[in-house]
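These notes are about the structure you will find just below.
Each reported figure results from applying straightforward, stated rules to the coordinates on display, with no laboratory input. Note that the structure is predicted; figures quoted are calculated from it, not measured. Every residue, glycine among them, receives a Cβ derived from its backbone with ideal geometry; neighbour counts consider all protein chains shown.
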Amino acid sequence: MGSAFGDLLRDCRLSVGWTQDELADRSGVSVHSISVLEAGRRQPRLSSVARLADALGLAARRREQLLAAARTVSAPARPRVGPEPVQARPNAPCQLPYDTRLFTGRARELDQLLSLARSAPAGSACGMVVISAIDGMGGVGKSALAVRAAHRARAQFPDGQLFVDLHGHTAGTAPVSPADALDWLLRSLGVPPQQIPEDLSTRAALYRERLADTRTLIILDNAASSAQVRPLLPGTSGCLVLITSRRRLTGLDDAHSLAVDLLPGPDAVALLREAAGPGRVPADDPAADELVELCGRLPLAIRIAAARLRHQRGLRLESLVELLRDEHHRLTHLTDEDRSLTAVFATSFASLAPAEQNLLRLLARVPGHDVDSYAVAALADTDQRTAEQLLESLLDHNLMVQRVPGRYLFHDLVGLYARSTVEEPQAGAGAKAADEDPDAPLHRLAGYYQQAAAQANEHLARHTRPGRHLAPAVSVTLPAPTDRAGALGWMRSEYQNLLALLGHPVAASMPWFTVSLSADLAAFLLMEGRWGQAAALHQSAVTAAAAAGDRGGEPDALCDLGRVRHATGDYHAAAELYEQALTIHQKLGDRHGEANDLHELGRIRLLTGEIREAAWLHERALATFRALGDRLGEARALCDLGRARHSLGDSPGAVELSLQVLDLYRIMGDRRGEAAALHDLAFVLDETGDWGGAGKFYQEALTIYQDLNSVQGVANTLRGLGRVQRAAGDHQGAAELHQRSLDACREAGSRHGEADSLRGLGQAREALGDSREAIALYQQALALYREIGGRLGETTTLLDLAALTERTTGPGAALPLHQQALALARDTDRALDQAHALDGAARCALALGDRAGAQAHLEDLVALYRRLDSPAEAEAAARLSALRAVGERG
């Protein structure tokens, strides 16, 4: 037939950017007629061609070409699409529904279906009929996809295109029986009613006989089950069957499965804009993005929302968004004349077995994001295997989603519907007794989370709390993380659910749950840098423990809150919290708690410059940990005692203690502790000038921290490597490392780490000759140290700023900075910092003509070096002698 005419007509239509639907609307020629004309399967009528030309607004020359092509059509044309030429059978049925113009995206899925259509004549790999089972939740656009693919591929199936709605999920309509579906299909194939057998198997055999050796496309829409469609499948190759269902039809072994998901964001917005009509959704309006998200990127919901915009001209996009933000009424607003999301979900819900309906209601009450089968087993008071089977069934019904293997969640709108069913009466298998406490499922879930979190925390905690845990509240099956990586994985998957359950009203009746989770999430939240969440949790635990009279839980929560305040740089608040915890632990006679408090308080005293008190606190903690046989506590106390010794000028002693700590952690197999010990050892070597050794240990620590995904550990070690690079003369490399550390600390919210990184970046910029930038960075670091009470950092930054100011502005501006640093260093008993400040102050005083002041500073410097047994004493003494000699001559 008219292949040349069809090609020309298509080119004319595409040149103005119209779909077949749009040309039909403008010309009055039906979509079906345009489709067959373009496919070359019908001889064109000149009157129709003239109407098409008028609608397209063709120029005279182009119009004449189209009419001439129509006049020359004299023989049947071959179809344009398909693996081989075929000719439509006369009177072949064409039952395909209307192909909506509101079809957006789905290019990958459409390509897959068209590829199957091309392979249908040859059959599957085994020579069987080609079948595609398309599944997805209600309203996701399965039928629209199947119909679009069928229209695109119909020329390859000249013996007809059949369509039957099996009503698997139609409100108020029972699913079509296989026998009734076969009756319809046989009639469509021209079999007289009186010749259709009564028996189902005989009826199916006749159906297969009629389809044998034909190229027929069959759409079985809205199927309820594999059993419903199995008798409706052809028996030989050549045909293509497209099946749509809200269920995964896992019983069709030979079918190609195609899961239809939600629309991607851009496609969802495009559908909204097209369906709402011109000018209703402005380009790049952020409200459009929010609207499609509130619709869950579900095509049906988007079309309903768009229809409201199209027909209610006074309704603004922003106003509709505001309406849909209300979760309690969102489904009500997503309803129009004959479409209702609530009705769509209700039919899916009605198809579930009672046990599945009951579980859906239970899941609707659970706060949080997603669940696994262990949590669901506790919630439903069943075994883990049964819970997994029920979840998989809900997944097969497309009422739940699985983004990560083993974890299940609701689509947002399905979750809203499920919550609306919670108050409905429960009956049948799997339903609990009517007199059961409605909060009992959440209590069971809390008991499960309590035990599972405690188990995971055993692999993560950096301190021990013997005897803290109560007897299990419920008997549950627990996941079994065998190492730190497994425990971290569990925590990262579940911590949001745990916090959400803590925020649920039912948690008010379970103070034990708040206290227990506070303790077991502490190490994880601190490690992950989730300090805001941690602070809120631990404060809640302090309040809950005090209200419940839990004297053991209260100081533990106070100590955990102190660690968070420490991490964020609020040293004053941290010290107060540790002191409160220490007082309670001592009254209780809890020596383990007391040792932990002493150690943590010692860490704060070191940071605030009270170094001798810090050393004393760490020695007390160390003695207690050793007496208790707590090797982890011993290692931690030794580690911080080494830092205090180094700050007091005993660097060899600090190295010796760091090596002891490293051995302890390696014996225990504690890689995080090993990394911390390597970092401390590197830091001491760095400050004493052994940069080769420091670099080696920093790099070993960095490798471990990266393996552990420790943001703070990586940031700290990058700073150390930056110092080593600067000492080696690679100032640009040092600047890059400090910048990476700064970025990581800001992301994690570590204010002390941020200040340290600013100082290190300032040193690198200074070495690169950018004095102005270096001074700005030092001043930022200085302000931050002062804000958080970091007196050691304040001292060293003052020294850096003083030395640079001396070189760039002069000794007059630098001397006050040296003097401030000296006062702080004396107050904190930092010997090396005192030496640097005395040296700088003497130099500036001498440059300003103050020989007496310079001599006094040098005398103090010589005495300090003598006390430290430092080889630098000789040089300082020589400078002092030279100054005295000048004074005697003067």
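Positive end of the dipole of the chain, charges at C-beta (+1 Lys, Arg; -1 Asp, Glu), about the Cα centre: which of LEU526, SER647, SER30 has its Cα farthest in that direction?
SER30
Could you go through the stretch 643-649 in sequence order and give the Karplus-derived ³J(HN,Hα) for each residue, using 6.51 cos²θ - 1.76 cosθ + 1.60 with θ = phi - 60°, rounded to whole Hz, and x for Gly and Pro?
Residue by residue, the stretch 643-649 yields 5, 5, 4, 5, 5, 7, x Hz.
What's the magnitude of the charge dipole for the stretch 3-71 around its Cα centre, counting Lys and Arg as +1 and Asp and Glu as -1 at the beta-carbon? Answer in Debye, nearest 20.
On the way: 11 positive and 8 negative charges, 54 e Å.
Taking the Cα centre of the stretch 3-71 as origin, the dipole is about 260 debye.
Quickly rank 193-204, 675-686 as a protection proxy: mean count of other C-beta atoms within 10 Å, highest first. Let's see the in-between values first.
On the way: 193-204: 12.5, 675-686: 24.8.
Listed from highest to lowest mean packing, they are 675-686, 193-204.
What dipole magnitude, in Debye to the nearest 20, does the stretch 460-578 give about its Cα centre under +1 on Lys/Arg Cβ and -1 on Asp/Glu Cβ? Please list the in-between numbers first.
Working: 9 positive and 10 negative charges, 32 e Å.
Dipole about the Cα centre, nearest 20: 160 debye.
With n ≥ 4 as the cut-off for DSSP H runs, can you work out [θ] at 222 nm for the chain, using -39500 (n - 2.57) per run divided by the number of residues, rounded to the nearest 500?
Taken over the chain, the calculation gives -20500 deg cm²/dmol.
If you count, for each residue, the other Cβ atoms within 10 Å and average over each peptide, how do 320-331, 218-229, 806-817 line up from highest to lowest?
Details: 320-331: 15.1, 218-229: 21.8, 806-817: 17.0.
Highest-to-lowest ranking by the protection proxy: 218-229, 806-817, 320-331.
Hey, if you put +1 on the Cβ of every Lys and Arg and -1 on every Asp and Glu Cβ in the chain, which of THR104, ALA301, GLY138 ends up farthest toward the positive end of that dipole?
THR104
Tally Lys/Arg at +1 and Asp/Glu at -1 over every other residue whose Cβ is under 9 Å from the Cβ of TYR665; what's the total? Walk me through the intermediate numbers first.
On the way: positive: ARG666, ARG671, ARG672; negative: ASP663, ASP670, GLU674.
Result for the local shell: 0.
How many nm separate the modelled label positions at ARG61 and ASP437, each set 7 Å beyond the Cα in the direction of the Cβ?
In this crude spin-label approximation the distance works out to 8.8 nm.
What ³J(HN,Hα) values, in whole Hz, does the Karplus curve 6.51 cos²θ - 1.76 cosθ + 1.60 give for the stretch 624-634 when θ = phi - 60°, with x put for Gly and Pro?
My calculation for the stretch 624-634 gives 5, 4, 5, 5, 7, x, 8, 6, 5, x, 4 Hz in order.
Show me the ranking of peptides 573-585, 660-672 by mean Cβ neighbours inside 10 Å, starting with the highest. Kindly include the intermediate steps, with their values, before the conclusion.
Numbers: 573-585: 21.2, 660-672: 16.8.
Descending mean neighbour count gives 573-585, 660-672.
May I ask which residue of PRO178, LEU662, GLY6 lies farthest towards the positive end of the charge dipole of the chain, with charges of +1 (Lys, Arg) and -1 (Asp, Glu) on Cβ and the Cα centre as origin?
Projecting each Cα onto the dipole axis, the largest value belongs to GLY6.
Enter the angle in degrees (range 0 to 90, nearest 10) between the Cα long axis of helix 831-847 and the first principal axis of the Cα atoms of the chain, meaning the one along which they spread out most.
Helix 831-847 sits roughly 70 degrees off the main axis of the chain.
Taking all pairs of different Cα atoms in the stretch 352-420, averaging 1/r and flipping that mean, what Kirkwood radius in angstroms comes out?
Numbers: mean 1/r = 0.0854 Å⁻¹.
The answer is 11.7 Å.
Convert each backbone phi in the stretch 410-416 into a coupling constant with the Karplus relation 6.51 cos²θ - 1.76 cosθ + 1.60 (shift: θ = phi - 60°), then list the ³J(HN,Hα) values in order as whole Hz, x for Gly and Pro.
Once θ is set to phi - 60°, the couplings for the stretch 410-416 become 7, 5, 3, 6, 5, x, 4 Hz.
What's the local net charge at THR703, with K and R +1, D and E -1, over the other residues with C-beta under 12 Å away? Write out the running numbers ahead of the final one.
Working: positive: ARG671, LYS696; negative: GLU674, GLU700, ASP707.
It works out to a net charge of -1.
Gain in length, THR386 to HIS32, computed as 0.36 nm per residue apart minus the alpha-carbon separation, to one decimal in nm? Before the final figure, lay out the partial values.
Numbers: separation 354, 0.36 × 354 = 127.44 nm, distance 5.11 nm.
Gain in length upon complete extension: 122.3 nm.
Which residues' amide hydrogens lie under 5 Å from the amide hydrogen of ALA461, considering only partners 5 or more residues apart or on another chain, with H built in the peptide plane?
Long-range HN contacts for ALA461: none found.
In debye, nearest 20, what is the charge dipole magnitude of the chain about its Cα centre with +1 on Lys and Arg Cβ and -1 on Asp and Glu Cβ, if you could check?
Values: 95 positive and 111 negative charges, 656 e Å.
Using only the charged Cβ atoms, the result is roughly 3160 debye.
When Lys and Arg each count +1 and Asp and Glu each count -1, what net charge do the other residues less than 11 Å away from LEU220, Cβ to Cβ, add up to? Numbers along the way, then the final one.
On the way: positive: ARG230; negative: ASP165, ASP221.
That sum, taken over residues with Cβ under 11 Å, equals -1.
Can you grab the distance from the C-alpha centre of the stretch 268-338 to the C-alpha centre of the stretch 602-652, Å, no decimals?
The stretch 268-338 and the stretch 602-652 have Cα centres spaced 62 Å from each other.
When the gyration tensor of the stretch 107-259 is built from Cα positions, what are the square roots of 5 times its three eigenvalues, in whole Å, from largest to smallest?
On the way: eigenvalues 97, 76, 36 Å².
Equivalent ellipsoid of the stretch 107-259: 22, 19, 13 Å, largest first.
Give me, ordered by chain and number, the residues 5 or more places off PHE163 or on other chains with an amide H under 5 Å from its own placed amide H.
Hits under the 5 Å cutoff: GLN95, ILE219.
Between the helical axis of 484-502 and the dominant principal axis of the chain, each derived from Cα atoms, what acute angle in degrees is found, rounded to the nearest 10?
Approximately 80 degrees, to the nearest ten.
Going by Cα centres, the stretch 690-747 and the stretch 797-831 are how many Å apart?
26 Å
Report the FRET efficiency, 1/(1 + (r/R0)^6), for ALA536 and ARG45, where r is their Cβ-Cβ distance and R0 is 60 Å, rounded to 0.05. Please report the intermediate quantities before stating the final value.
Working: r = 75 Å, r/R0 = 1.26.
So, using R0 = 60 Å, E works out to roughly 0.20.
Angle between the Cα long axis of helix 851-868 and the longest principal axis of the chain, 0 to 90 degrees, nearest 10?
That works out to roughly 80 degrees.
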